[in-house]
Amino acid sequence: MKIFETLNDVVESVGQEIGPSEWVEISQDMINTFAAVTGDEQWIHVDTERAATGPFGKTIAHGFLTVSLIPRLVSTLYQIRQKSTGVNYGLNKVRFMTPIPSGSRIRAYATLKNASEVSGSGIQLEWQLRVEIDGKEKPACLAEWLIRRYPAAD
């Protein structure tokens, strides 16, 4: 895990890759729970018997499940010791490159592409993320994640 003392230290790391994150296992239970919560119960995600004869040979994780795990993955990449508050500002250019079979492990790498000031003494961080699948060469997901960080009030 990369430790930054201040928000300015994060800004100074533009262009540097950090990672890998810790591994996260994508279990069938996780996929089923996500399907139930979102209503996306397509058979390629939840029907293990049918999926075994489908295009991927088994069930696969939802693309949006992968995206929803980005905060969990990134939380093991870096820490900022200066007290601050982070706000999710959005995603750009999200691509799902390789399906994630149930039972696989994923991890992430991040490169800070840009850091810019925003109103209210905040900093917008633009992270380029790469989510990998254990044992696969091609990434599962590429995404740009925008986070706004604000110093905590004393």
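Each value in this text was obtained by applying a stated rule to the coordinates, not by laboratory testing. Keep in mind that this is a model prediction, so the values were computed, not measured. Positions of Cβ are backbone-derived with ideal geometry, glycine not excepted, and every protein chain shown enters the neighbour counts.
Using DSSP to call loops (not H, G, I, E or B), can you name the trypsin sites (Lys or Arg not before Pro) in segment 1-103 whose Cβ has at most 11 other Cβ atoms within 10 angstrom? Loop-located and lightly packed - 81, 83.
Mean separation of Cα pairs under 8 Å and 6 or more residues apart, divided by the residue count, gives segment 66-129 a relative contact order of 27 percent.
For segment 75-145 versus segment 1-50, the inter-centroid distance based on Cα atoms is 9 Å. Applying the Karplus relation 6.51 cos²θ - 1.76 cosθ + 1.60 with θ = phi - 60° to segment 82-90 yields 3J(HN,Hα) values of 4, 5, 7, 10, x, 10, 5, 9, x Hz, where x marks Gly and Pro. Amide hydrogen proximity for residue 94: with H placed 1.01 Å from N in the peptide plane, the residues at 5 or more positions away or on another chain lying under 5 Å are 144. With springs only between Cα atoms under 10 Å, which of 16, 124, 79 fluctuates most in a Gaussian network model of the chain? In this elastic network of the chain, the residue with the biggest mean-square fluctuation among 16, 124, 79 is 16. With respect to the chain, whose longest principal axis is taken over its alpha-carbon atoms, helix 28-38 is tilted by about 70°. Close amide H contacts of residue 114 (hydrogens built in the peptide plane, cut-off under 5 Å, sequence separation of 5 or more or a different chain): 126.
Below 11 angstrom from the Cβ of residue 132, what's the summed charge of the other residues (Lys, Arg +1; Asp, Glu -1)? Around residue 132, the surrounding residues sum to +3. In the elastic network of the chain, a GNM with C-alpha springs shorter than 10 Å, the most mobile of 109, 89, 78 is 89. Charged neighbours of residue 92, selected by a Cβ distance under 12 Å, balance to +1 (K, R count +1; D, E count -1). The GluC sites (Glu not before Pro) of segment 111-154 that meet both conditions, a loop assignment by DSSP and at most 12 other Cβ atoms within 10 Å of the site Cβ, are 137. Taking amide H as placed 1.01 Å from N in the peptide plane, the amide H of residue 76 sits under 5 Å from that of 22, each at least 5 places away or on another chain. I want the antiparallel fraction of DSSP beta bridges within the chain, as a percent rounded to 5. Close to 90 percent.
Computed from backbone phi, the HN-Hα couplings of segment 43-54 come to 4, 5, 9, 10, 9, 5, 5, 5, 5, 4, 9, x Hz, rounded to whole numbers (Karplus: 6.51 cos²θ - 1.76 cosθ + 1.60, θ = phi - 60°; Gly and Pro given as x). Partner lysines whose Cα lies under 23 Å from the Cα of residue 136, excluding those fewer than 8 positions away in the same chain, are identified as 58, 93. Gaussian network model of the chain, Cα springs within a sub-10 Å range: biggest mean-square fluctuation belongs to which of 21, 104, 119? Largest GNM mean-square fluctuation: 119.
Considering only alpha-carbon pairs that sit under 8 angstrom and 6 or more positions apart, the relative contact order computed for the chain is 29 percent.
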